[in-house]
Amino acid sequence: MPLPPRPKLGDRLPASRPSQETLELLALRRSTPNALITGPGPDAAQIKDLLVIGARISDHRRIVPFRFVVLAGAARVDFGERLAAIFADKNPEADLAAVENERQRFARIPVTIAVISAPDKNHKTPLWEQQLTAGAVCQNILIAANAMGFAAQWISEWIAYDREAAKCLGLGTEEKLAGFILLGSAKEPPKERPRVEAQEITQYWRE
Ligand SMILES: Cc1cc2nc3c(=O)[nH]c(=O)nc-3n(C[C@H](O)[C@H](O)[C@H](O)COP(=O)(O)O)c2cc1C
């Protein structure tokens with residue numbers, strides 16, 4: 001399914017777009033646990049489209065406080081080797097299966113998009129808002145992937161909090177991993193999980 005042509009600067013765009021299909025997609029949205037993700041995944045053109053949609057998020061003062069690293073093809077295997085080595089080094093008590101799990105973590109997923117929070121600490125826009133923007137990027141990709149027909153999951157794991165792994169991914173000192181968005185197809189449909197009743201966490205403000 002191709003994306004519509006990119007609007008030109010200043011083009012008038014619909015302020016709303018009633019769509020039962022979009023509502024259904026959101027109301028029934030479910031991540032696919034990574035153990036259930038297999039091939040096929042998005043091809044090069046589809047990855048490009050996912051990145052375009054990922055980047056089309058709300059961004060206070062348009063500072064683009066995020067960037068992408070794509071894990072695809074043979075690079076997944078190379079990244080897995082590096083990750084397994086870091087994991088084994090930091091967890092000397094880990095058994096072979098645990099190390100192998102790290103080696104395969106991305107190699108067995110068709111495509112992963114790492115969304116990197118890349119804030120400008122000195123910018124007028126608060127750091128918190130810049131970080132929220134990176135989170136919104138992740139959710140946009142997750143939803144767009146489902147709309148393209150792919151299964152997806154947002155993970156962080158230990159990798160998001162390990163400096164060596166961050167360096168291996170190419171992160172700068174001020175950058176953080178907002179999430180790895182795993183992309184592929186579901187071996188079986190994921191099951192509904194417990195959900196909060198939104199009204200239980202909602203108050204209408206009054207004095
Ligand atoms: C910031 C963030 C990090 C997450 N990291 C992990 C993770 O490392 N491993 C994992 O199994 N799930 C992780 N999750 C949760 C799943 O991606 C998913 O949201 C959860 O299984 C609920 O499924 P749902 O998206 O269908 O509600 C993370 C979610 C978020 C928002």
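The values are calculated or read from the model by the stated rules, or taken from the named source; none is laboratory data. What you see is a predicted model; the values in this text were computed from it and never measured. Backbone-built Cβ (ideal geometry, glycine too); neighbour counts: all protein chains shown. Just so you know, the surface numbers come from the protein's heavy atoms only, side chains and all, with ligands and any DNA or RNA stripped out. Shrake-Rupley method; radii C 1.70, N 1.55, O 1.52, S 1.80 Å.
Here is the figure for region 117-128: residues that are of a type in the set (A, V, I, L, M, F, W, C), crowded, with 18+ Cβ neighbours inside 10 Å and either within 13 Å of the ligand (Cβ to nearest atom) or in a helix (DSSP H, G or I) (or both) total 0. Those helices (runs of 4 or more DSSP H) of region 1-115 in which at least 1 residues are of a type in the set (D, E, K, R), closer than 28 Å to Glu129 by Cα and open to solvent by 60 Å² or more (accessible area, probe 1.4 Å), considering only elements entirely within it, cover 44-55.
Residues are listed down the side, and each one gets a yes or a no for (1) of a type outside the set (Val, Ile, Thr); (2) farther than 23 Å from Ala151 by Cβ; (3) touching a Phe, Trp or Tyr at 6+ places or on another chain (Cβ under 6 Å):
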{"residue": "Leu23", "(1), (2), (3)": "yes, no, no"}
{"residue": "Arg29", "(1), (2), (3)": "yes, no, no"}
{"residue": "Gly39", "(1), (2), (3)": "yes, no, no"}
{"residue": "Gly54", "(1), (2), (3)": "yes, no, no"}
{"residue": "Ile63", "(1), (2), (3)": "no, yes, no"}
{"residue": "Gly73", "(1), (2), (3)": "yes, no, no"}
{"residue": "Lys90", "(1), (2), (3)": "yes, yes, no"}
{"residue": "Glu93", "(1), (2), (3)": "yes, yes, no"}
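The listed residues are Gly135, Gly149, and the only one of them that is out of contact with any Phe, Trp or Tyr (no Cβ under 6 Å at 6 or more places or on another chain), more than 15 Å from the ligand (Cβ to nearest atom), small (Gly, Ala, Ser) and under 30 Å from Asp59 (Cα atoms) turns out to be Gly149.
The residue that is modelled with the lowest pLDDT, counting only those in region 171-199 that are open to solvent by 40 Å² or more (accessible area, probe 1.4 Å) and within 19 Å of Val137 (Cα to Cα), is Glu174. Among residues of region 168-196 that are under 20 Å from Thr38 (Cβ atoms) and within 12 Å of the ligand (Cβ to nearest atom), none has a beta-carbon under 8 Å from a residue that is outside any loop (DSSP other than H, G, I, E, B) and at pLDDT below 95 at least six positions away or on a different chain. Working carefully through the options Asn146, Asn122, find the one that is more than 11 Å from the chain's Cα centre (by Cα) and closer than 26 Å to Ala44 by Cβ. Step by step, each of Asn146, Asn122 is checked, and only Asn146 is more than 11 Å from the chain's Cα centre (by Cα) and closer than 26 Å to Ala44 by Cβ.
The condition (being of a type in the set (S, T, N, Q) and part of a strand (DSSP E or B)) is satisfied by just one residue among Gln131, Gln153: Gln153.
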